[in-house]
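A quick write-up on the structure given underneath.
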Amino acid sequence: QVQLVESGGGLVQAGGSLRLSCAASGSIKSITTMGWYRQAPGKQRELVATITSGGSTNYADSVKGRFTISRDDAKNTVYLQMNSLKPEDTAVYYCHADLVSGYSGYELRYWGQGTQVTVSS
């Protein structure tokens, strides 16, 4: 089984910072793109940031200049450093990894369970 386990969410005041982590484990042959999405109450899940195996990054306009995505391939882990947080950043954050496992032999997208981020005003 492949699992993605997230950590680092919590409650923070506006202007504060949080760092999310997401570690993939199991029978993993290769990982291409990793990223973060978020879903606020009553809204659709939206892209926050992605990073390819080559290090190319993509950000939602709403987080550019405030959030930074990075990855450690030796640990199969993706990070999201969130600075200058705003109340509108409040959401459940989900990580994903597009990977080839030892079970499927082809690329599939796996998701973490989600971690709550709450920004108070």
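No lab work stands behind these numbers, since they all come straight from the coordinates. Please read these numbers as outputs of a predicted model, since none were measured by experiment. We place every Cβ from the backbone using ideal geometry, glycine too, and count neighbours over all the protein chains shown.
Overview of values
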read-out	value
Full-stretch length increase - Lys75, Gln39 - with 0.36 nm per residue and alpha-carbon distance subtracted	10.3 nm
Dipole magnitude of segment 18-83, debye to nearest 20 (Cβ charges: Lys/Arg +1, Asp/Glu -1, about Cα centre)	140 debye
Mean separation of Cα contacts under 8 Å (6+ apart) over length of the chain, as relative contact order %	37 percent
Calculated FRET efficiency for the pair Gln13/Ser104, C-beta based, R₀ 41 Å, to 0.05	0.45
GNM result for the chain, Cα springs below 10 Å: residue of Asp98, Asp61, Asp89 fluctuating most strongly	Asp61
Cα-only Debye scattering, segment 1-69: base-10 log of I(q)/I(0) at q = 0.16, 0.19, 0.21, 0.23 Å⁻¹	-0.70, -0.96, -1.13, -1.27
21 Å Cα-Cα reach of Lys64 towards lysines, excluding residues that sit fewer than 8 places from it in its own chain	Lys43, Lys86
Estimated dipole of the chain in Debye, rounded to 20 [Cβ of Lys and Arg +1, of Asp and Glu -1, Cα centre]	100 debye
